[in-house]
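A quick write-up on the structure given underneath.
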Amino acid sequence: MRFELLKYLRGWSICGKAKDAIDQSLQFTNFLCLLHLTNTYICSTTIVYGPSMLPTLKMTGDVLLVEHVSPLLGKLECGDIVVVQSPDNPRKTISKRILGMEGDKVTFLLDPNQTHTRRTVKVPKGHVWVQGDNVYASKDSRQLGPIPYGLVLGRAFYRVWPPNGFGSLS
């Protein structure tokens, strides 16, 4: 498209600097479109706040790389750390670990302070069961129920900040 526009503009009596400015604007627009598509469908970053994933993720702003391909292809597994759109607040995202896939039976403590209050749930089709690593400070599937697969935005796979925590998430 850029080339057709430039061919069209060559017929105009515009000075060379204006043509260069238009060409650079088109290149910048293409770059922004590519950046948007990459951020939306391939890989993005997220910042983690809060104690729910302690000790795996810190409370004060770990920056994670999140890939968006695995949820689209149905390639998530138990143990993966995922970024999920909150069922309570669609403007908020939460980071949790998958503990159960559709069809799995998950046994969990209703109250982590009381070990005798267990419950078993079968994860329905099209859902995952997520929990924070810090069960004492996490709002997760124990309160929200199974999470629809469509709310899983991506799989966190790499910590890029802080520098002393740089590396793969496992």
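The values are calculated or read from the model by the stated rules, or taken from the named source; none is laboratory data. Note that the structure is a prediction, hence the values are computed from the model and not measured. Positions of Cβ are generated from backbone atoms using ideal geometry, with glycine treated the same way; all protein chains shown enter the neighbour counts.
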Open item on the list: For the list (1) surrounded by 14 or more Cβ atoms within 10 Å (Cβ to Cβ); (2) closer than 27 Å to LEU73 by Cα, I need the number of the one condition that LYS125 fails.
Closed with: (1)
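So is PHE108 assigned to a strand (DSSP E or B) and at pLDDT below 90 or not? Working first, answer last.
Numbers: assigned to a strand (DSSP E or B): yes; at pLDDT below 90: yes.
Answer is yes for this residue.
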Open item on the list: Quick check on the range 78-89: of everything there that is touching a Ser or Thr at 6+ places or on another chain (Cβ under 9 Å) and surrounded by fewer than 15 Cβ atoms within 10 Å (Cβ to Cβ), which residue is nearest to ALA156 (Cα to Cα)?
Closed with: GLY79
Open item on the list: Condition check: exposed (fewer than 11 other Cβ atoms within 10 Å of the Cβ) and assigned to a strand (DSSP E or B). Does ARG119 satisfy that?
Closed with: yes
Open item on the list: Can you find a residue that is loosely packed, with under 15 Cβ neighbours inside 10 Å, under 17 Å from the mean Cα position of the chain (by Cα) and in a loop (DSSP other than H, G, I, E, B) anywhere in the range 153-170?
Closed with: yes
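Kindly evaluate LEU99 against the criterion of being in a loop (DSSP other than H, G, I, E, B), among the aliphatic types (A, V, I, L, M), surrounded by 16 or more Cβ atoms within 10 Å (Cβ to Cβ) and assigned by TED's automatic domain parsing to the domain that holds GLY50.
Values: in a loop (DSSP other than H, G, I, E, B): no; among the aliphatic types (A, V, I, L, M): yes; surrounded by 16 or more Cβ atoms within 10 Å (Cβ to Cβ): yes; assigned by TED's automatic domain parsing to the domain that holds GLY50: yes.
So LEU99 fails the test.
Residues that are more than 20 Å from HIS127 (Cβ to Cβ): find the strands (runs of 3 or more DSSP E) completely inside the range 36-96 holding 3 or more of those.
Where strands (runs of 3 or more DSSP E) fall fully within the range 36-96 and carry at least 3 residues being more than 20 Å from HIS127 (Cβ to Cβ), they are 43-49, 60-67.
Just to check your reading of the model, which residue among LYS105, LYS92 is touching a Ser or Thr at 6+ places or on another chain (Cβ under 7 Å) and within 17 Å of LEU151 (Cβ to Cβ)? Can you show your working first?
Values: LYS105 fails: within 17 Å of LEU151 (Cβ to Cβ).
Only one candidate passes the filter, namely LYS92.
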